[in-house]
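The values are calculated or read from the model by the stated rules, or taken from the named source; none is laboratory data. Fair warning: this is a prediction, and the values are worked out from it, not measured in the lab. Don't worry about glycine lacking a Cβ; one is built from the backbone with ideal geometry, like all the others, and counts go over all protein chains shown.
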Amino acid sequence: MRTTYLANSLWYAASLYEAAAFQRACRRIRLQQSSILRSLLERNQDTVFGKRYRFARLDGIEAYQAQVPLHRFEEYASDVERIANGEQGVLTREPVVLLEPTSGSSSARKLIPYTKGLKAEFDRAIATWMADLFRHVPKLRGGEAYWSVSPVTHEQELSRGGIPIGFDQDSAYLGGLKRHLAESVLAVPGILRLIRDMDDLRYLTLLFLLRHATLRFISVWNPTFLSLLLERLRLPAWREQLLADLGDGTLSPPSGHLSSSLSSRLTRHVAPDRKRAAEVARAFTLDDPAELHQSLWPQLALISCWADAQSSSYARELAKRFPQVPIQPKGLIATEAFISIPLWSREGAALAIRSHFFEFIPEGSNQTLLADELVQGEIYSVVVSTSGGLYRYRLQDLVEVTGFYRSCPLLRFLGKEALVSDHFGEKLNERFLGPALEAALKSQCVTPTFAMVAFEPAEALGAYTLFIEGDAGDTALRQAAAELEIRLQGSFHYRYCRELGQLKAMRVFRVTKGGSETYLERCRELGQRSGDVKPVALHPAAGWARFFTGEFLE
């Protein structure tokens, strides 16, 4: 425990300089942002992209905006391909050290160039966040942390030009000393990412978590990831084996097999602990999940996860499992950029003004505003320029300004700007459907454990379908679907497709088990990393009835 406290304290100390720099930047946002842009232009003026848009001649923000158009990823695809083929100096003067795959909200894989400069930009934001946490929740320094492990979804891969594809593990977002310190306090070894079998991954994750009664901090992306993990503690066979492995210092994943190299690396992290096994056995006698988790990890001080947009209901369900533990919503973090930093006791997360150059497109406008021009209560689409070589890049993430920390905007993530399902011209958008679904369920007093709408094809055209899991009766679910249908017809395009007979009325598919788990697994099959999978009200992929367990309510 002393070693853990020392490592966390050193991490805190190493983060204080950046936290202080962020505080100073909050008093001079325009100057800070101008400095970041000026540095980007100067460093990259001799690149292919820099010459294309004459970076050397640009003398400020207005000139940059006038010369460089807004970009989506598709417009970078050819430049990224040149980088993947080994060409230097395409988007950045700095070498690209790896290409990080992401799928965003769709299944198509994108490769995001990472440079040392981009990693430093992420590190600045993380340092500000961790310094704020260690300051306001000093108990975090006294124990271990669990940072969710994203399993590797493919063999180690190099691009045609020899550039690694994907981080070796999640802590690689940190740099130097802080990465070493973070890894030294992990309750769950990062090498678990090498396990492909999800049951094996979950089992061994639980085994390592159960070893640490002094666990203080849990950081996951999707709240359902943690909920599904904890559900496995209810399985009698898993309980029995976990207790045996705890007491004997052994590793017995459900598949019964670990590679010899992985087994030897993991064995270094385990030892027989009969005392802890006895403690866990006593906890397993508790039926109430909240009491069980309190008994297993009595010193847990904080959980960090997505809690905005469609994640909010799942975060509330997670909070019921840990009523004694604060849940802090994560800021907006994309593979391409670190947008906002959670701050203690603030509604919204602070814009990461020392990380990248930001612009914002007001809802319903084509013009861009700067960070110091935002207005509380307004909604904006985020545009970012980074040291990774993405310039005036439209993330297509929508945020609302909830207030200000000093002069720095506080942001709340609302959803994707362009999460649209369109088969016959109906152009359903999640921004429209999400509130409609929430209102329809509320009208029938339905509180689901999983709910999502997606198009379901049929021999004769098809219909949008409410896939829903929970305790509500069939009548309530049918009425909720009928209410949702009425609300969707408030959209001209959807109503027109219904009037033309291109779409049938909303249907209901009752999911009888494993809704969230099936959703996560299917999204992974579609090419998304576990860390990229967000809960959505509307999914653009069709044909989900083939994967969920359950039946249509006719």
_Complete set of residues in segment 392-430 that are surrounded by fewer than 21 Cβ atoms within 10 Å (Cβ to Cβ) and basic (Lys, Arg)_ = Arg392, Arg394, Arg406, Lys427
*asked:* Return the pair list, or none, for Cβ contacts closer than 7 Å from residues in segment 301-321 that are closer than 17 Å to Pro435 by Cα and modelled with pLDDT of 85 or more to residues that are part of a helix (DSSP H, G or I) and aromatic (Phe, Trp, Tyr), at least 6 apart or on different chains.
replied: none
*Which of (1) under 30 Å from Trp11 (Cα atoms); (2) touching a residue at least 60 places away in the same chain (Cβ under 8 Å) does Ala84 not meet, given it meets every other one?*
(1)
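Kindly establish whether Thr518 is free of Cβ contacts under 8 Å to residues at least 40 places away in the same chain and closer than 28 Å to Ala315 by Cβ. Walk me through how you get there before you give the answer.
Details: free of Cβ contacts under 8 Å to residues at least 40 places away in the same chain: yes; closer than 28 Å to Ala315 by Cβ: yes.
Answer is yes for this residue.
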*asked:* Take the conditions in contact (Cβ under 8 Å) with a residue 60 or more places away in the chain, farther than 30 Å from Ser78 by Cα, among the β-branched types (Val, Ile, Thr) and buried (at least 21 other Cβ atoms within 10 Å of the Cβ) and apply them to Val453. Does it pass?
replied: yes
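Conditions tested, residue by residue: (1) over 17 Å from Gln310 (Cβ atoms); (2) touching a Gly at 6+ places or on another chain (Cβ under 8 Å); (3) not polar (S, T, N, Q).
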residue	(1), (2), (3)
Val383	yes, no, yes
Leu390	yes, no, yes
Leu398	no, yes, yes
Asn429	no, no, no
Gln444	yes, no, no
Val453	no, no, yes
Leu466	no, no, yes
_Being among the small types (Gly, Ala, Ser) and more than 30 Å from the chain's Cα centre (by Cα) is the filter here; which residues of segment 470-512 pass it?_
Gly473, Ala476, Ala482, Gly490, Gly501, Ala505
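Starting from residues that are aromatic (Phe, Trp, Tyr) and closer than 19 Å to Gly434 by Cα, keep the ones in segment 466-510 and report whichever is modelled with the lowest pLDDT. Show your work before the answer.
Taking segment 466-510 first, the residues aromatic (Phe, Trp, Tyr) are 467, 492, 494, 496, 509.
Right, trim to closer than 19 Å to Gly434 by Cα and you get 467, 492, 494, 509.
Values: Phe467: 97, Phe492: 78, Tyr494: 90, Phe509: 97.
Going through the qualifying residues, I end up with Phe492.
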*Is there a residue in segment 528-537 that is in the same structural domain as Val446 (by TED's automatic domain parsing) and surrounded by fewer than 17 Cβ atoms within 10 Å (Cβ to Cβ)?*
no
*Could you list, in sequence order, all residues of segment 287-344 that are in contact with a strand residue (DSSP E or B) (Cβ under 8 Å, 6 or more places away or on another chain) and basic (Lys, Arg)?*
Lys330
*Within segment 26-33, is there a residue that is surrounded by fewer than 19 Cβ atoms within 10 Å (Cβ to Cβ) and under 22 Å from Ser365 (Cβ atoms)?*
yes
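Name the residue that is modelled with the highest pLDDT, counting only residues in segment 514-554 that are of a type in the set (Lys, Arg) and more than 22 Å from Ala440 (Cα to Cα).
If we take residues in segment 514-554 being of a type in the set (Lys, Arg) and more than 22 Å from Ala440 (Cα to Cα), then Arg546 is modelled with the highest pLDDT.
Quick one: would you say Thr549 is farther than 22 Å from Val220 by Cβ and either surrounded by 21 or more Cβ atoms within 10 Å (Cβ to Cβ) or touching a Lys or Arg at 6+ places or on another chain (Cβ under 9 Å) (or both)?
On the way: farther than 22 Å from Val220 by Cβ: yes; either surrounded by 21 or more Cβ atoms within 10 Å (Cβ to Cβ) or touching a Lys or Arg at 6+ places or on another chain (Cβ under 9 Å) (or both): yes.
Considered against the rule, which asks whether it is farther than 22 Å from Val220 by Cβ and either surrounded by 21 or more Cβ atoms within 10 Å (Cβ to Cβ) or touching a Lys or Arg at 6+ places or on another chain (Cβ under 9 Å) (or both), Thr549 comes out as yes.
So, in segment 298-325, of the ones that are of a type in the set (Phe, Trp, Tyr) and part of a loop (DSSP other than H, G, I, E, B), which residue ends up surrounded by the most Cβ atoms within 10 Å (Cβ to Cβ)? Break it down stepwise before answering.
Taking segment 298-325 and keeping what is of a type in the set (Phe, Trp, Tyr), we get 306, 314, 322.
Applying the additional criterion that residues be part of a loop (DSSP other than H, G, I, E, B) yields 306, 322.
Details: Trp306: 24, Phe322: 20.
If we take residues in segment 298-325 being of a type in the set (Phe, Trp, Tyr) and part of a loop (DSSP other than H, G, I, E, B), then Trp306 is surrounded by the most Cβ atoms within 10 Å (Cβ to Cβ).
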*asked:* If I go through segment 264-284 residue by residue, how many of them are out of contact with any Lys or Arg (no Cβ under 9 Å at 6 or more places or on another chain), within 14 Å of Thr205 (Cα to Cα) and not hydrophobic (A, V, I, L, M, F, W, C)?
replied: 1
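Condition check: within 26 Å of the chain's Cα centre (by Cα), more than 17 Å from Ser312 (Cα to Cα) and either crowded, with 18+ Cβ neighbours inside 10 Å or of a type outside the set (Gly, Ala, Ser) (or both). Does Phe467 satisfy that? Even if it seems obvious, please write down each step before you answer.
Working: within 26 Å of the chain's Cα centre (by Cα): yes; more than 17 Å from Ser312 (Cα to Cα): yes; either crowded, with 18+ Cβ neighbours inside 10 Å or of a type outside the set (Gly, Ala, Ser) (or both): yes.
Yes; evaluated as a whole, the condition is true for this residue.
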*Considering only residues that are β-branched (Val, Ile, Thr) and modelled with pLDDT of 85 or more, look in segment 125-164 and name the one that is farthest from Trp11 (Cα to Cα).*
Ile163
*Using the structure shown, decide if Ala480 is surrounded by 21 or more Cβ atoms within 10 Å (Cβ to Cβ), more than 30 Å from Gly331 (Cα to Cα), touching a helix residue (DSSP H, G or I) at 6+ places or on another chain (Cβ under 6 Å) and in the same structural domain as Cys523 (by TED's automatic domain parsing).*
yes
*Which of the residues belonging to segment 340-380 are within 17 Å of the chain's Cα centre (by Cα) and surrounded by fewer than 24 Cβ atoms within 10 Å (Cβ to Cβ)?*
Pro342
*Identify all residues within segment 271-297 that are in contact with an Asp or Glu (Cβ under 9 Å, 6 or more places away or on another chain), exposed (fewer than 15 other Cβ atoms within 10 Å of the Cβ) and not in a loop (DSSP other than H, G, I, E, B); write none if there are none.*
Arg274
*Report the residue count in segment 491-509 for those that are surrounded by 21 or more Cβ atoms within 10 Å (Cβ to Cβ) and assigned to a loop (DSSP other than H, G, I, E, B).*
1
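Hand me the list of helices (runs of 4 or more DSSP H) wholly inside segment 1-110 holding 1 or more residues that are at pLDDT 95 or above and under 30 Å from Val536 (Cβ atoms).
77-84
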*over 20 Å from Ala505 (Cβ atoms), part of a strand (DSSP E or B) and touching a residue at least 40 places away in the same chain (Cβ under 8 Å) - does that describe any residue in segment 442-449?*
no
